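A.B. asks: Could you have a look at this structure, given as structure tokens, before my questions?
The values are calculated or read from the model by the stated rules, or taken from the named source; none is laboratory data. For clarity, every value in this text was computed on a predicted model and none was experimentally measured. All Cβ positions, glycine included, derive from the backbone under ideal geometry; neighbour counts span all protein chains shown.
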Amino acid sequence: MSGKSLKSLFKNLGRPNNLKDDCLISGITSDSKQVKPGWIFVAVKGYQQDGHNFLNKALKNGASAVVVENSAEDLPVPFLITDNSRKTLALLAKRFYGDPGRKLNLIGVTGTNGKTTTTYFLESIYKQAGHKVGVVGTLNYRWPGFKESALQTTPDSVVLYGYFSRMISDGVSTAIMEVSSHALAQYRVEGLMFNSAIFTNISHEHLDYHKSLDEYVKTKAKLFSQISKNGRAVVNIDDNASEIIIKSSSAKVVAYGKSSDPDYRISDITLLNLGSRFVLKTPDMDLQLHTNLPGLFNVYNASAAACAALEQGVKPELVKKGIESLKRVPGRMEGIVSEKGRFRVIVDYAHTPDALEKILRCSKEFTEGRLITVFGCGGDRDRQKRPVMGKVASEVSDQVIITSDNPRTEDPSKIISEIFKGVKKDSSEVNVIEDREQAIKQAISIARKGDTVVIAGKGHEDYQIIGTKKIHFSDVETAEKYLKDFRELYGSDS
């Protein structure tokens, strides 16, 4: 893309210095290693490193201008002093890419659980409605002709605005994105106005970062102050945090749920082994829906997507077709084996107490034999949830194998010991196998006809983070490997 005027980019964003002559800017970054001649370097104070310590490196790499939060001395290039460099980074990206968000039908989804599945439902619905759809989320960033693995649920603001610009060039009309609490706290979506925003639910998560549940909820609520004048705030009224979310939005609120008297009432629910049937009721219609994804939580996810689409004028028959045509979401209640007469293996991303309980109770409903659960907790993350997850797993499962997840720089045995503190020892048989592959192997080797093995915590991920290294590891691949060994040993009718 052609360069943008530095003066136009800096205008009204802070206190400019050395800005006598104008120049063309061809890129923006907060990573000093990426800086090239003609680029702006934005010094961001991070949680492990401070970008201000890399100013010299950025200048050496050819930075034409820099943004800082404080400066005691003049710099050799034009610079902008701002009170919040993260926020300024996003606003610069917005200007640099020509505010691409306003050219898209932008739908944001936030909440602790259900974001990914809800975006998949939305994508399916809007495809049925004839839209060219782009998705930014936990699994990947994708639109027709492009797909890239996600490093973060919501990427860096410069990357995000860049993706939206590319979507427009590729003819995308509707962009659907998961908006994480970290992204909201770090101003990654600053400057965007959403046509619709969806709130799924709130439960215990990220309290290592947000310090309290109240702070976590308030951070999520920020999204609902960024809805356009004629947009919609689609809110799960059954969640305890819904009142705070509603108060945060000046847009029209559209409530969905089973309780109270919402705009869209979920009723007549029939939970099936391989999906659910339910009715979404409004004063004007009863929309009968079927989803191939099991569990009450997926009824809510489908309802959220349906409400958002209906409010944007998508025809009910296309909403119905979109929900019913979604067959699976990678790493979400993903069945590895479901052959008649055999046990089931399910891989799921559940890594919060609420998500784990929901996936286990859902699995328990269609399990004739025992429910065997394999799970762990990530290192360098929220420690408070570890014993809670131990309690949940031991109360709902018949047998639990506690193992390692992504230990990162923590000692895996210490993480496991903290999980074990919450275990109800008289509720189920609980074992510890620190090596995740061996834990999965053990669970499959002890499973019998009618049992269900749930492998929770990593879902779609194809790696483990041990120390500071990312090592290839997939729960799905590992389960398939030992299921193959199982079939060779015992035959397909075991």
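A.B. asks: Starting from the range 463-484, take each residue that is at negative phi and list its partners that are modelled with pLDDT of 95 or more and of a type in the set (Asp, Glu), counting only C-beta distances under 7 angstrom and pairs at least six apart or across chains.
C.D. replies: From the range 463-484, the pairs are THR478/GLU437.
A.B. asks: Exactly one condition in (1) at pLDDT below 95; (2) assigned to a helix (DSSP H, G or I); (3) small (Gly, Ala, Ser) is false for SER427; which is it?
C.D. replies: The number of the failed condition is (2).
A.B. asks: Would you confirm whether or not the range 171-186 contains a residue that is under 22 Å from THR29 (Cα atoms) and surrounded by fewer than 20 Cβ atoms within 10 Å (Cβ to Cβ)?
C.D. replies: For the range 171-186, residues under 22 Å from THR29 (Cα atoms) and surrounded by fewer than 20 Cβ atoms within 10 Å (Cβ to Cβ): present.
A.B. asks: From the list GLN152, GLN186, GLN128, which one is at pLDDT below 95 and more than 14 Å from the chain's Cα centre (by Cα)?
C.D. replies: Within the list GLN152, GLN186, GLN128, the selection yields GLN186.
A.B. asks: I need every pair where a residue in the range 371-397 that is not assigned by TED's automatic domain parsing to the domain that holds ILE416 has its Cβ under 6 Å from the Cβ of a residue that is surrounded by 24 or more Cβ atoms within 10 Å (Cβ to Cβ) and β-branched (Val, Ile, Thr), sequence separation at least 6 or different chains.
C.D. replies: none
A.B. asks: Conditions first: (1) in the same structural domain as SER242 (by TED's automatic domain parsing); (2) in contact with a Phe, Trp or Tyr (Cβ under 9 Å, 6 or more places away or on another chain). LEU122 passes all but one, so which condition is the exception?
C.D. replies: (2)
A.B. asks: Are any residues in the range 372-407 crowded, with 24+ Cβ neighbours inside 10 Å and among the aliphatic types (A, V, I, L, M), and if so, which ones?
C.D. replies: ILE372, VAL374, MET389, VAL392, ALA393, VAL400, ILE401, ILE402
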